[in-house]
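Heads up: the structure comes next, in structure tokens.
The values are calculated or read from the model by the stated rules, or taken from the named source; none is laboratory data. Everything numeric here is computed off the predicted structure, so don't read it as measured data. Cβ atoms come from the backbone with ideal geometry, glycine included; neighbour counts cover every protein chain shown. Only protein heavy atoms, including side chains, enter the accessible area calculation; ligands, DNA and RNA are left aside. Shrake-Rupley method; radii C 1.70, N 1.55, O 1.52, S 1.80 Å.
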Amino acid sequence: MKTNNRGEIWLTLLSQDAPRLGGLCPSVQAADAELGGESVRYIAVVPDENNHFPRAAGGEVGLLEGWTLAKVVQETIAADEQAEHKRPIVAVIDVPSQAYGRREEAFGIHQALAASAAAWAQARLAGHPVIGLIVGKAMSGAFLAHGYQANRLIAFNDPGVMIHAMGQASAARITLRSVEALIELASTVPPMAYDVKNFQTLGILDEMLNIAKPDAPGEQEKQQVTESLIRAIKDAREGDRTLKHRLRGDNRRSSVLVRERMRANW
């Protein structure tokens, strides 16, 4: 596997080198493989140095990626429309950002990413167990478009995993702070932090995995992740199709209180 992108590494490993689906842009890869006695579709966004849009060459989610993700997920929904058991879909996540650029804004990146997010939500609501496997970065609008709508989210407990709404340099500019000051602030305000342990306190993650070799996984790492995926798929099928379980985190108490008071007033 000649790549440093964890999304592509883990897609290849989990799909057992299955052929990639055709008809997709090079930066969106999908493959079907057996897991726990059933077929599972794995989807990842990967770098493409020849991307028609240079801002998306490093694995960012841009125009092509957003519309292509929407396409492959919608095709999965349509193919399983009459099936009693909808096939699980696993979003393998290592996305550094959405693609920032004038062309992206002019051509409606907001619509492309919204189409992808909507497709993932539709798959979940249609009964597909949708699992997000965060193996690397899950940043900004890229994460919202690829994986955030999953029934269950699994993340590696690893320094290479970074989850946030905005990159550190951008957040520093917006808050009129230095990156160093922002990092110091994050040590006391968990939602401002980038590390996966702080993110877990928000109640959004369902499981964290200690993976010995996330960049060069072998059979042991593969087995560890496949067992987690099987558990998550089973749990998703047995639970409801909403995301209300994400309000259970210790650092979501204020969110719960606000919701309760809004309901009381409305």
Qualifying positions in the stretch 103-116 - surrounded by fewer than 21 Cβ atoms within 10 Å (Cβ to Cβ) and either touching a Ser or Thr at 6+ places or on another chain (Cβ under 8 Å) or under 28 Å from residue 156 (Cα atoms) (or both): 114, 115
Could you check how many residues of the stretch 171-221 are open to solvent by 40 Å² or more (accessible area, probe 1.4 Å) and under 30 Å from residue 33 (Cβ atoms)? 11
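This table checks each residue for (1) hydrophobic (A, V, I, L, M, F, W, C); (2) under 12 Å from the mean Cα position of the chain (by Cα).
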| residue | (1), (2) |
| --- | --- |
| 81 | no, no |
| 110 | no, no |
| 117 | yes, yes |
| 123 | yes, no |
| 127 | no, no |
| 137 | no, yes |
Got a sec? Which of 148, 100 is open to solvent by 30 Å² or more (accessible area, probe 1.4 Å), more than 18 Å from residue 55 (Cβ to Cβ) and hydroxyl-bearing (Ser, Thr, Tyr)? 148
Those residues of the stretch 114-143 that are in contact with a strand residue (DSSP E or B) (Cβ under 8 Å, 6 or more places away or on another chain) and aliphatic (A, V, I, L, M) come to a total of 9
Out of 155, 117, I need the residue that is among the small types (Gly, Ala, Ser) and part of a strand (DSSP E or B). Which one? 155
When the residues of the stretch 83-97 are filtered to those that are within 22 Å of the chain's Cα centre (by Cα) and modelled with pLDDT under 95, which remaining residue is most open to solvent (accessible area, probe 1.4 Å)? 96
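For every residue, the table says whether it meets (1) touching a Leu at 6+ places or on another chain (Cβ under 9 Å); (2) part of a loop (DSSP other than H, G, I, E, B); (3) modelled with pLDDT under 85; (4) not aliphatic (A, V, I, L, M).
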{"residue": "166", "(1), (2), (3), (4)": "no, yes, yes, no"}
{"residue": "172", "(1), (2), (3), (4)": "yes, no, yes, no"}
{"residue": "177", "(1), (2), (3), (4)": "yes, yes, no, yes"}
{"residue": "185", "(1), (2), (3), (4)": "no, no, yes, no"}
{"residue": "211", "(1), (2), (3), (4)": "no, yes, no, no"}
{"residue": "215", "(1), (2), (3), (4)": "no, yes, no, yes"}
Among (1) more than 16 Å from residue 92 (Cα to Cα); (2) open to solvent by less than 60 Å² (accessible area, probe 1.4 Å), residue 50 falls short only on (2)
Which members of the stretch 33-47 meet the condition of being within 18 Å of the chain's Cα centre (by Cα) and open to solvent by 10 Å² or more (accessible area, probe 1.4 Å)? 41, 47
Can we say residue 60 is in contact (Cβ under 8 Å) with a residue 60 or more places away in the chain, open to solvent by 10 Å² or more (accessible area, probe 1.4 Å) and not basic (Lys, Arg)? yes
Select, from 103, 41, 55, the only residue that is under 14 Å from residue 128 (Cβ atoms), in contact (Cβ under 8 Å) with a residue 12 or more places away in the chain, outside any loop (DSSP other than H, G, I, E, B) and charged (D, E, K, R). 41
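Which is buried (at least 24 other Cβ atoms within 10 Å of the Cβ) and aliphatic (A, V, I, L, M), of 125, 153?
153
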